[in-house]
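Each value in this text was obtained by applying a stated rule to the coordinates, not by laboratory testing. Remember, it's a predicted structure, so these values are computed and weren't measured experimentally. Here the Cβ is made from the backbone with ideal geometry for all residues, glycine too, and neighbour counts use every protein chain on show.
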Amino acid sequence: MADRRFFDNAGPFDLSALAEIAEAELSPGADGARRLSDVAPLDTAGPDDVSFLDNRRYLGQFGASKAGACIVSPELADRAPAGMVLLLTPRPYRGYAKVAQAFYPQPRPRPGVHPSAVVDASAVIGEGSEIGPGVVVGPAAQIGRACRLEANSVIGEAVTVGDGTVVGPNASLAYCEVGRACQIHAGVRIGTRGFGFSMEPEGFVDVPQLGRVIVGDGVEIGANTTIDRGAGPDTVIGAGAKIDNLVQIGHNVRIGRGCVLVAQSGIAGSTVLEDFVAVAAQAGVSGHLAIGSGARIGAQSGVMRDVPSGMNVLGSPARPAREFFRLCALWDRELKARGKTKDE
């Protein structure tokens, strides 16, 4: 499936190993010693490939697939074509993710410092770390073990980066502490000046931004995302958070464990997102708010007040999802009563 110029395949694997990786059970009669060489989509997979089914929309492709094996829920096992081996699990997408990771693991660092890198004499580089071309590591910075700093990334003075973290090309880290096993993609800016100033008739007066950014373990930060340092309290990104490309996080924001922020969303200063909040694409959250644990904010929503734990909100200004859909139905009825369509 993957272009071998860019991705190294660690296969083949036998079916019994794949079942263990996927936390699945092999279908009755399957030969656990049979070896498969790759992962592929249902419609292009061949007899040496593993595929998966997680969405009933693709039942037609499933029934016609030539895949040698498929990761699928037990309730859909009877829809499989003859001869296909099944890896049965109630969580097939998770199973596929783990199998695909086995075939295509993250590349390991190639230890060493590229001749074009500039590493301050007072910086500490952990064992087994890779410092790529054009990288700058500032005074008193600390890079953990088995890290990878890719081309032209900049690690500022006194910044700490935890073991196993990857910093993508042209990213810059300043005024921050980054945890272990993080993925920081290309062009990320962490620790930039927070947007804080006094607005007076005679002009703006900048407020010094004296806090840091604290990034927990296992955080992923997408390309060209920006995270401002705090004004006094720190900006905090909780462990396991997933932040997409082109997200803006303002100063003093506190993001809890396992939160998900999708592309082009923005969180204004001093707002708190508790654990496992999901913010969909292009949603905006005003400053100084509290978003309760497990809340979900729909795409393009504008959140202007606190959101209780577990609530789903939509619209701008954002309101509970059921209320939003009732309003949509009322608007549709009103338009029909006036003889207009939604597009007019």
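Structure summary
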{"read-out": "Total residues in the stretch 193-213, condition more than 16 Å from Ala141 (Cβ to Cβ), in contact (Cβ under 8 Å) with a residue 12 or more places away in the chain and touching an Asp or Glu at 6+ places or on another chain (Cβ under 9 Å)", "value": "6"}
{"read-out": "Candidates Thr226, Thr271, filtered to the one that is polar (S, T, N, Q), in contact (Cβ under 8 Å) with a residue 24 or more places away in the chain and on the phi < 0 side of the Ramachandran plot", "value": "Thr226"}
{"read-out": "Cross-chain or 6+ apart pairs with Cβ under 6 Å, the stretch 302-327 first and closer than 19 Å to Ile267 by Cα, then part of a helix (DSSP H, G or I)", "value": "Asn312/Ala321; Leu314/Ala321; Leu314/Phe324; Gly315/Phe324"}
{"read-out": "Strands (runs of 3 or more DSSP E) completely within the stretch 36-91 that count 1 or more residues being among the charged types (D, E, K, R) and in contact with a strand residue (DSSP E or B) (Cβ under 9 Å, 6 or more places away or on another chain)", "value": "49-52"}
{"read-out": "Residue within the stretch 286-293 that is in a loop (DSSP other than H, G, I, E, B), crowded, with 23+ Cβ neighbours inside 10 Å, in contact with a strand residue (DSSP E or B) (Cβ under 9 Å, 6 or more places away or on another chain) and of a type in the set (A, V, I, L, M, F, W, C) present", "value": "no"}
{"read-out": "Per-region count, the stretch 21-33, residues buried (at least 20 other Cβ atoms within 10 Å of the Cβ) and part of a loop (DSSP other than H, G, I, E, B)", "value": "1"}
{"read-out": "Residues of the stretch 34-64 satisfying the condition of being out of contact with any Phe, Trp or Tyr (no Cβ under 9 Å at 6 or more places or on another chain), hydroxyl-bearing (Ser, Thr, Tyr) and buried (at least 16 other Cβ atoms within 10 Å of the Cβ)", "value": "Tyr58"}
{"read-out": "Looking only at the stretch 150-176, and only at residues there that are over 19 Å from the mean Cα position of the chain (by Cα) and part of a strand (DSSP E or B), the one that is surrounded by the fewest Cβ atoms within 10 Å (Cβ to Cβ)", "value": "Thr160"}
{"read-out": "Residue check for Leu327: more than 28 Å from the chain's Cα centre (by Cα), more than 21 Å from Thr226 (Cβ to Cβ) and among the hydrophobic types (A, V, I, L, M, F, W, C)", "value": "yes"}
{"read-out": "Residue among Ile227, Ile214 that is within 19 Å of Gln183 (Cβ to Cβ), out of contact with any Gly (no Cβ under 8 Å at 6 or more places or on another chain) and in a strand (DSSP E or B)", "value": "Ile214"}
{"read-out": "Set Ala97, Ala102, Ala121: member being out of contact with any strand residue (DSSP E or B) (no Cβ under 6 Å at 6 or more places or on another chain) and in a loop (DSSP other than H, G, I, E, B)", "value": "Ala121"}
{"read-out": "Verdict on Ile190 being among the hydrophobic types (A, V, I, L, M, F, W, C), in contact (Cβ under 8 Å) with a residue 12 or more places away in the chain, crowded, with 21+ Cβ neighbours inside 10 Å and not in a loop (DSSP other than H, G, I, E, B)", "value": "yes"}
{"read-out": "Among (1) in contact with a strand residue (DSSP E or B) (Cβ under 8 Å, 6 or more places away or on another chain); (2) crowded, with 20+ Cβ neighbours inside 10 Å; (3) closer than 19 Å to Val161 by Cβ, the one test that Gly218 misses", "value": "(1)"}
